[in-house]
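Right, one structure below, let's go through it.
Every number in this text was worked out from the coordinates using simple rules, so none of it is lab data. Just so it is clear, the model here is predicted, and its values are computed rather than measured. Counting neighbours? That spans all protein chains shown, and the Cβs are built from the backbone with ideal geometry, glycine included.
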Amino acid sequence: MMQGTPERRPKVILKENFVVEENIDSIRWPQECSVCGGAVEQTDDIKLKKKFKNFGEINVDVLGIPYCKACFAKSRRTKFLDNVTLVISLILGIPLSILAIVASMATPGTQFVWFGLIFVLVIGICYGVVWLVVKFPIRALFKGHFVDLVNAWLIEEKKSDGREGVSVVIEIPNKVYANKFAQLNEVVPQPPK
Ligand SMILES: [Zn+2]
């Protein structure tokens with residue numbers, strides 16, 4: 001990243017979502033609620049942390065995502081439901097995967113590498129089931145109490161200038177808001193392959 005330049009601009013590419021390749025800290029958010037377009041009354045931050053084989057631990061904060069009061073409260077509830085879904089999946093999935101691993105150990109010739117795979121697979125299946133029987137019905141029944149909020153995560157990828165690096169993906173479900181975000185941050189459309 002360049003330091004000390006007077007105009008630090010983010011480098012944002014539009015793929016399926018926005019991919020911020022450079023200067024995430026100079027990202028600008030259109031000053032309206034990122035969910036409903038109402039007046040900004042609160043902001044939220046997303047703290048990202050992930051370990052990469054080639055780059056070590058990367059910590060990035062996506063700061064100042066704007067919300068109105070009502071949508072902010074709904075965003076808390078949405079995140080809470082997401083966390084509950086994950087926790088229930090782990091509570092079910094960890095013992096079940098241990099059982100599956102123990103069962104597979106009884107099969108002669110089982111390789112150690114399979115254990116990790118079984119673990120990931122069983123946790124994944126549990127997450128899918130909990131998503132279907134808990135998260136999906138709750139969100140469908142109490143539709144007005146939850147929102148599709150701005151989300152962000154880290155990826156390792158080949159950037160548009162060819163370098164390998166870590167980028168921040170930003171997902172903005174509100175298309176009108178996403179378009180304003182694109183204009184404000186001079187988003188570059190994905191180059192043709
Ligand atoms: Zn709102």
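Would you mind estimating how fast the range 73-144 diffuses translationally, via Stokes-Einstein at 20 °C and 1.002 mPa s with the Kirkwood radius over Cα pairs, in µm²/s?
Estimated via Stokes-Einstein, D reaches 158 µm²/s.
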### Task
Run the quick spin-label model on Glu57 and Asp45: label points 7 Å from Cα toward the beta carbon, then report their separation in nm to one decimal.
1.7 nm
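Around Glu164, under 9 Å between beta carbons, what's the net of Lys plus Arg minus Asp minus Glu among the other residues? Don't skip to the end; give the middle numbers.
Values: positive: Lys158, Lys159, Arg163; negative: Glu156, Glu157.
That sum, taken over residues with Cβ under 9 Å, equals +1.
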### Query
Cα axis of helix 175-184 to longest principal axis of the chain: angle in degrees, 0 to 90, nearest 10?
50 degrees
### Message
Using a Gaussian network model on the chain with a 10 Å cutoff between Cα atoms, which of Ile27, Ile138, Ile91 fluctuates the most?
### Response
Ile91
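With each run of n ≥ 4 DSSP H residues scored as -39500 (n - 2.57), what mean residue ellipticity at 222 nm is computed for the chain after dividing by its residue count and rounding to the nearest 500 deg cm²/dmol?
One gets -12500 deg cm²/dmol as the mean residue ellipticity at 222 nm.
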#### Entry: Degrees separating the helix 69-105 axis from the principal Cα axis of the chain, which is the longest one
30 degrees
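Could you compute Rg(Cα) / (2.2 N^0.38 Å) for the chain, with N its residue count? Provide the component values of the computation, followed by the final result.
On the way: Rg = 20.3 Å, N = 193, 2.2 N^0.38 = 16.3 Å.
Relative to the 2.2 N^0.38 Å estimate, the chain comes out at 1.25.
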#### Entry: Positive dipole terminus of the range 73-144, leading residue within Gly128, Trp114, Ile138 (C-beta point charges)
Ile138
#### Entry: 0 to 90° range, to nearest 10: angle between helix 113-130 axis and the chain longest Cα axis
70 degrees
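When ranked by the protection proxy of mean other Cβ atoms within 10 Å per residue, highest first, what sequence do the peptides 61-69, 43-51, 176-184 form?
Details: 61-69: 18.4, 43-51: 13.2, 176-184: 16.1.
Final packing ranking: 61-69, 176-184, 43-51.
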### Message
Just to verify a number: FRET efficiency for Arg28 and Leu117, C-beta to C-beta distance, R0 = 41 Å, to 0.05?
### Response
0.45
